[in-house]
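Enquirer: One structure is given below, represented as structure tokens, and several questions about it will come after.
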Amino acid sequence: MRAADGPVVLAACGVSKRFGALVANEAVDFDVRAGEVHALIGENGAGKSTLMSLLYGLMHPDSGTIAVDGRAVRFSSCVDAMKAGIGMVFQHFLLVERFSVAQNVMLGREPGRRGMLDRRSSEKEVARLATGYGFALNPATPVEDLGVGARQQVELLKVLERNARVLILDEPTAALSPQEASALFDIVHRLRSEGRAVILIAHKLKEVLSVADRITVLRRGKVVGSVEPEQADEAQLGLMMVGRSIDLDKRVPRIGAPADVALRITSLDVPASSGAGLHGFSLQARAGEIVGIAGVEGNGQIELAEALYGLREPTAGAIALEGRDITSMSCANRRRLGVRYVPPDRQREGLVLDFSTEENALLGDQRRLRRGSVIPAKTMRRRADAIAREYALAGYSPSVKARDYSGGNQQRLIVGRELSEGAALLLVCAPTRGLDVGAAAVIRERLRAARDAGACILLVSYDLDELRALADRIIVLCGGVATGELTPENADDATLGMLMGGIAA
Amino acid sequence: MNRLASSFAAAALALAAGALAMLAFHADPIAAYGALLQGALGSVQGTAETFVQTTPLLLTGLGVAVAFRAGLFNIGAEGQLVVGALCSAVFGAWVHLPTLAEIPLCFAVGAAAGGLWAAIAGWLRARFGASEIITTIMLNYIAFLGANYLVSGPLRGSNAAPETAPISPSAVLHPLVSGTRLTAAFPLALIAAAALAWWLRRTVAGYELRAVGQSERAARYAGVNVGPAIVRAMALSGALAGLAGSTEVLGLLHRFNAQLSPGYGFTSIAVALLANSSPLGVIVSAFFFGLLQNGALFMQAYAGVPKDLVSVVEGLVILFSAAGMLRSARGRARVAVGPEGGVGTAPT
Ligand SMILES: Nc1ncnc2c1ncn2[C@@H]1O[C@H](COP(=O)(O)OP(=O)(O)O)[C@@H](O)[C@H]1O
Ligand SMILES: [Mg+2]
């Protein structure tokens, strides 16, 4: 079944692309066959998206050619690429929020008569397609009401509706929970068995190894090599990607024994926003300890984190930090006590994208560090410089906007800021989601260092390997209730899975 | 294209479109714009009068700009100007203090009144999520009609005309240059622009206001109390418009009547848009609009082109400025499509 030997349908032959002095792609050879899943991996900035833009006709290579079915082509835009049967799902969703699923899928090709839209038939068409792939989507639902997993399905439908033979998926799993990701991979397998060619960009090596027929590694714009999953393992791929060996999921035990109890939560109730809410949750966590919170997304994790951070008011229960009751303290005052937060949505919650790097480096501490009523310009600059130095922020200058960094660098900036002065309580949500191994390794190392320096860390993660690698103990949430507590050694997938599903272990 | 270039392009395109309109009616655009410039800058009196026209546009423009920076669309500058003018006129007529005390107090009353008026819309937005676009428009009507009622009834001076009693002589701002109407209000407005630029860039309150404007959500996560920040931003915006009203009363009319403003508060939206909400940019764009408005009569008299053409140009400036903004927003969405670099801008 693996190692497809269908014909090559889309190929890049010796393509190079420069942006000024930067070489984003250099003499890259890459192809994909019908009935094959070809994974492309590499660090952020390795040139993966650039290569895809060349294949999809969004840009032209400086040299080299693109070939469809063995014939060289020159797409004048992605419209030509679509006509040639190529479809692409971008790293970031491109959906019209207010439009329904059907309107988004049919955008630009709405069926109609004499200038009148035929909503009924487009909804019927989309429903047929969605059911065919087992998507539980109502074509009439506005996209703004959908979660990330469902949005991803809408993006896929957009491509499938055009009956693309080649699908390019640029980091489709970056924003998905593990459950949603594995559902996506089922679809990918299905597409392959239909004889379509799939190019998949992803960061999680385990996923890549399980889903791909062929894996190509890109580093600094060059192809390092192609391997078949049977002959590769995570360590080897990691080495190819970054040029040195990284064992991301290795446990590093903490130095010394944990200190006193720092955080005491007693029967906390927090109302839900969209998920489950939190019910009767109690926890004692020590300084110098990482407590992992496991669970399927939307089972009370965010409610817990935001109640601790002071953005959500609990309806019952109490929170004490270092013996002090902070249950109804404002977020700004909690920050003064050393409560720090790395939120799950780095672009909308962790950064002001149009602020400069130095302004972002101050975010959240603008009041604590102010000099009179004036911004502490020197502190702000020094902080940004220090983060850039310690976290190797690529492309740093104090005035660069946060928007202009890659996801990995944005996350480094946030973590660097939240850890810049010793934290008493550090709340961290999905800190390495969608990051490449290099960036993820830096972040994990810093979290461990913060723990060793005496911070009490609450780590919400949807990545079980991450929890096992970082946490000193793992608490499982299901439906807003703690269903169990495990040591990382005992937290195998099966046990965690049962607790996450609400079945007592 | 950077923002400065885009502003100049918007102004140039608007003037060019105005020229086309003149050509269509067989008027000579070169003669018309020449007369306009001659009227606006050709003499000491003309130049001084251009600055006089610039002053309220500058102050209200700053008000609209600061609201924009907080992510708020304050369409109510005209109403806030009227409320500020009325209150400082009443106050100025009522108290008799030494000039050095009375003038600052009159300004303070005007600013406070305009600020409170705008804060209503800010509060409705923060508390109930009511769109400030709608509420400021409604507050405009309340201000206009309320002021009309007051000056034709309870607050009418001894005069038969519907206006308040004159302010006390110690509240009058005298011309800086004799034979002109140019008062200290103009340099004060310039100082206000510089102060606002500094405040936005360098103070914690300014930083938080900009954070709220760029991303309300991220600001909340940074511990900013977003509701009060919105109310404060609207209050500051309204205070600047109220100050504009005070300058008209103290420097020009010495009383309040309904003809006080030819719509400065509305033109100020174009002023702020053209300046891209940069306080220092507002100085330039307010001057541009002041020049157009002041030169318009001269253009009508000497080139036979109706002065309303200037309103057309103003409208076109809004159109082209907005088009420029759309363009840059689109550009950003496109980067998100292209590789890396741009991150996560969903097209809106
Ligand atoms: N339009 C562009 N202009 C300038 N530099 C770019 C542009 N697009 C990408 N780059 C740069 O090219 C390199 C490769 O980027 P990209 O292909 O997006 O990497 P990846 O998708 O592997 O993370 C990065 O250093 C990026 O900053
Ligand atoms: Mg990419």
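Enquirer: Would you mind pulling out the separation of the Cα centroids of the stretch A:330-375 and the stretch B:42-113, in Å?
Expert: About 35 Å separates the Cα centre of the stretch A:330-375 from the one of the stretch B:42-113.
Enquirer: A further question follows. Using only the alpha carbons of the stretch A:380-505, what is the convex hull's orientation-averaged projected area in square nanometres? All intermediate terms of the calculation are to be shown ahead of the outcome.
Expert: Working: hull surface 34.3 nm².
For the stretch A:380-505, the mean projected area of the Cα convex hull comes to 8.6 nm².
Enquirer: Relative to the isolated chain, which residues of the stretch B:220-247 have their accessible area cut by 30 Å² or more in the presence of all protein chains (1.4 Å probe, heavy atoms, no ligands or nucleic acids)?
Expert: Residues losing area: B:Arg220, B:Tyr221, B:Ala222, B:Gly223.
Enquirer: Return the FRET efficiency for the residue pair B:Tyr141, A:Ser399: r is the Cβ-Cβ distance, R0 is 45 Å, and the value is rounded to the nearest 0.05.
Expert: The computed FRET efficiency comes out at 0.55.
Enquirer: Show me, for the stretch B:221-231, the HN-Hα J-couplings you get by feeding each phi into the Karplus relation (A = 6.51, B = -1.76, C = 1.60, θ = phi - 60°), rounded to Hz, glycine and proline as x.
Expert: 5, 8, x, 7, 7, 5, x, x, 5, 5, 4
Enquirer: Okay, next question. Can you run the Rg to Rh ratio on the stretch B:135-213? Use alpha carbon positions and the Kirkwood inverse-distance Rh.
Expert: 1.15
Enquirer: At a temperature of 10 °C and a viscosity of 1.306 mPa s, determine how fast the stretch A:141-260 diffuses translationally according to Stokes-Einstein, using the Kirkwood radius over alpha-carbon pairs as Rh; express D in µm²/s, rounded to the nearest whole number.
Expert: Numbers: Rh = 16.6 Å.
In µm²/s, the coefficient is 95.
Enquirer: Further question on the same structure: Just going by the charge dipole of the protein assembly as shown, with Lys and Arg at +1 and Asp and Glu at -1 on Cβ, which of B:Gly129, A:Val476, B:Trp199 is farthest out on the positive end?
Expert: Going by the charge dipole, the pick is B:Trp199.
Enquirer: Related question: Can you work out ³J(HN,Hα) from phi for every residue in the stretch A:143-153, in order, using Karplus 6.51 cos²θ - 1.76 cosθ + 1.60 and θ = phi - 60°, giving whole Hz and x for Gly and Pro?
Expert: Using θ = phi - 60°, the values come out as 4, 4, 8, 9, x, 4, x, 5, 4, 4, 5 Hz.
Enquirer: Using a 10 angstrom cutoff on alpha carbons, build the Gaussian network for chain B and name the most mobile of B:Arg217, B:Arg181, B:Arg125.
Expert: B:Arg217
Enquirer: Any idea what the dipole of the stretch A:23-85 comes to, in debye rounded to 20, about its Cα centre with Lys/Arg Cβ at +1 and Asp/Glu Cβ at -1?
Expert: On the way: 5 positive and 8 negative charges, 47 e Å.
Once rounded to the nearest 20, the dipole reads 220 debye.
Enquirer: Quick check: pseudo-label points 7 Å beyond the Cα along Cα→Cβ at A:Val79 and B:Ala322, how many nm apart are they?
Expert: 2.7 nm
Enquirer: Can I ask one more? Wrap a convex hull around the Cα atoms of chain A, take a quarter of its surface area, and give that in square nanometres. Don't skip to the answer; put the middle values down first.
Expert: Numbers: hull surface 103.3 nm².
Reported value for the Cα convex hull: 25.8 nm².
Enquirer: Further question on the same structure: Which is farthest toward the positive dipole end of the protein assembly as shown among A:Gln153, A:Val374, B:Leu62, measuring Cα position about the Cα centre, with Cβ charges +1 (Lys, Arg) and -1 (Asp, Glu)?
Expert: It is B:Leu62.
Enquirer: Out of A:Ser177, A:Val242, A:Tyr133, whose Cα points farthest toward the positive end of the dipole of the stretch A:3-242 (charges: +1 Lys, Arg; -1 Asp, Glu; placed on Cβ)?
Expert: Projecting each Cα onto the dipole axis, the largest value belongs to A:Tyr133.
Enquirer: Would you please give the residues with an amide H less than 5 Å from that of A:Lys17, counting only those at least 5 places away or on a separate chain, with H modeled from the backbone geometry?
Expert: Distant-sequence amide H within range of A:Lys17: A:Ala24, A:Asn25, A:Glu26, A:Ala27, A:Asp62.
Enquirer: Can you pull the semi-axes for the stretch A:349-421, root of five times each eigenvalue of the Cα gyration tensor, sorted largest first, whole Å?
Expert: On the way: eigenvalues 72, 28, 24 Å².
Over the Cα atoms of the stretch A:349-421, the semi-axes work out to 19, 12, 11 Å.
Enquirer: To check you understand DSSP bridge types, tell me what percent of the beta bridges within the protein assembly as shown (both residues inside) are antiparallel, rounded to 5. Each step should come with its number before you reach the end.
Expert: Values: 46 of 81 bridges.
DSSP beta bridges in the protein assembly as shown are roughly 55 percent antiparallel.
Enquirer: Next question. Taking a probe of 1.4 Å, how large is the accessible area per residue of the protein assembly as shown, in Å²? Could you put the intermediate results ahead of the total?
Expert: On the way: 35240 Å² over 853 residues.
Here the residues of the protein assembly as shown average 41 Å² of exposed surface.
Enquirer: Carbon and sulfur together cover what percent of the accessible area of the protein assembly as shown at a 1.4 Å probe radius?
Expert: Numbers: 20480 of 35240 Å².
After summing per-atom areas, the C and S share lands at 58 percent.
Enquirer: Same structure again: Grab the alpha carbons of the protein assembly as shown, take their convex hull, and tell me the volume per residue in Å³.
Expert: Working: hull volume 175.8 nm³, N = 853.
Given the Cα convex hull of the protein assembly as shown, per-residue volume reads 206 Å³.
Enquirer: Now a separate question. Once R0 is set to 60 Å, what does the formula 1/(1 + (r/R0)^6) return for the Cβ-Cβ distance between A:Glu110 and B:Ala161, expressed as a FRET efficiency to the nearest 0.05? Write down the numbers at each step before the final one.
Expert: Numbers: r = 61 Å, r/R0 = 1.02.
So, using R0 = 60 Å, E works out to roughly 0.45.
Enquirer: Compute the distance in nm between two label points, each set 7 Å from the Cα along the Cα-to-Cβ direction, one at A:Lys124 and one at A:Arg382.
Expert: Roughly 7.1 nm, to one decimal.
Enquirer: If you don't mind, there's one more thing I want to ask. So for the stretch A:3-242: antiparallel DSSP bridges make up what percent, rounded to the nearest 5?
Expert: Details: 24 of 41 bridges.
Percentage antiparallel, nearest 5: 60.
Enquirer: Could you give the radius of gyration (one decimal) and Dmax (whole number) of the Cα atoms in the stretch B:54-312, in Å?
Expert: Final numbers for Rg and Dmax: 18.2, 60 Å.
Enquirer: Here's a follow-up. Normalised by the number of residues in the stretch B:126-191, what is the relative contact order in percent for Cα pairs under 8 Å and 6+ residues apart?
Expert: On the way: 36 pairs, mean separation 8.6, N = 66.
So the answer I get is 13 percent.
Enquirer: A follow-up question, please. Under Stokes-Einstein, with the Kirkwood radius over Cα pairs standing in for Rh, what whole-number D in µm²/s applies to the stretch A:276-407 at 25 °C and 0.890 mPa s?
Expert: Values: Rh = 16.9 Å.
Value of D from the Cα-based Kirkwood radius: 145 µm²/s.
Enquirer: What FRET efficiency comes out for the pair A:Asn333/B:Trp94, r = Cβ-Cβ distance, R0 = 51 Å, nearest 0.05? Show your work: numbers first, answer last.
Expert: Numbers: r = 44 Å, r/R0 = 0.86.
That pair, A:Asn333 with B:Trp94, gives E of 0.70.
Enquirer: With +1 on the Cβ of every Lys and Arg and -1 on the Cβ of every Asp and Glu, and nothing else charged, how large is the dipole of chain A about its Cα centre, in debye rounded to the nearest 20?
Expert: 1480 debye
Enquirer: Using a 1.4 Å probe on protein heavy atoms only, how many Å² of accessible area do B and A hide from each other, summed over both chains and rounded to 100?
Expert: On the way: alone 16710 and 21880 Å², together 35240 Å².
Separately minus together, B and A give about 3300 Å² buried.
Enquirer: Also, I was wondering about something else. Based on alpha-carbon centroids, what's the gap between the stretch B:174-231 and the stretch A:394-466 in Å, whole number please?
Expert: 34 Å
Enquirer: Expressed in nm to one decimal, what extension gain is obtained for the pair A:Ala449 and A:Arg286 from 0.36 nm per residue of sequence separation less their Cα-Cα distance? Write down the numbers at each step before the final one.
Expert: Numbers: separation 163, 0.36 × 163 = 58.68 nm, distance 1.54 nm.
Contour length minus the Cα-Cα distance gives 57.1 nm.
Enquirer: Between A:Gln236 and A:Leu117, what length in nm is gained on full extension when 0.36 nm per residue of separation is reduced by their alpha carbon distance? Before the final figure, lay out the partial values.
Expert: Details: separation 119, 0.36 × 119 = 42.84 nm, distance 5.36 nm.
Net length gain for the segment: 37.5 nm.
Enquirer: Counting other Cβ atoms within 10 Å, which chymotrypsin sites (Phe, Trp or Tyr not before Pro) in the stretch B:23-129 have at most 12 and lie in a DSSP loop? Please report the intermediate quantities before stating the final value.
Expert: Values: sites: B:Phe25, B:Tyr33, B:Phe51, B:Phe68, B:Phe73, B:Phe91, B:Trp94, B:Phe107, B:Trp117, B:Trp123, B:Phe128; in loops: B:Phe25, B:Phe73.
Sparse-neighbourhood loop chymotrypsin sites (Phe, Trp or Tyr not before Pro): B:Phe25.
Enquirer: Take every Cα-Cα distance within the stretch A:287-341, group them into 5 Å bins from 0 onward, and report for each bin the whole-number percent of pairs it holds.
Expert: Here the calculated profile for the stretch A:287-341 is 4, 18, 27, 25, 19, 6, 0.
Enquirer: Still on this model: Given a cut-off of 29 Å, what percent of all Cα-Cα pairs of the stretch A:3-242 lie beyond it? Could the numbers behind the result be given before it?
Expert: On the way: 8176 of 28680 pairs.
Summing the P(r) tail past 29 Å for the stretch A:3-242 gives 29 percent.
Enquirer: Find how many whole Å separate the alpha carbon centroid of the stretch A:284-328 from the alpha carbon centroid of the stretch A:82-107.
Expert: 38 Å
Enquirer: How many nm separate the modelled label positions at B:Ala195 and B:Ser311, each set 7 Å beyond the Cα in the direction of the Cβ?
Expert: Each label point is offset 7 Å from its Cα along the Cβ direction, giving 3.4 nm.
The values are calculated or read from the model by the stated rules, or taken from the named source; none is laboratory data. None of these values were measured; they are calculated from a predicted model. Backbone-built Cβ (ideal geometry, glycine too); neighbour counts: all protein chains shown. To get the accessible areas, we keep the full protein, side chains included, count just its heavy atoms, and leave off ligands, DNA and RNA. Shrake-Rupley method; radii C 1.70, N 1.55, O 1.52, S 1.80 Å.
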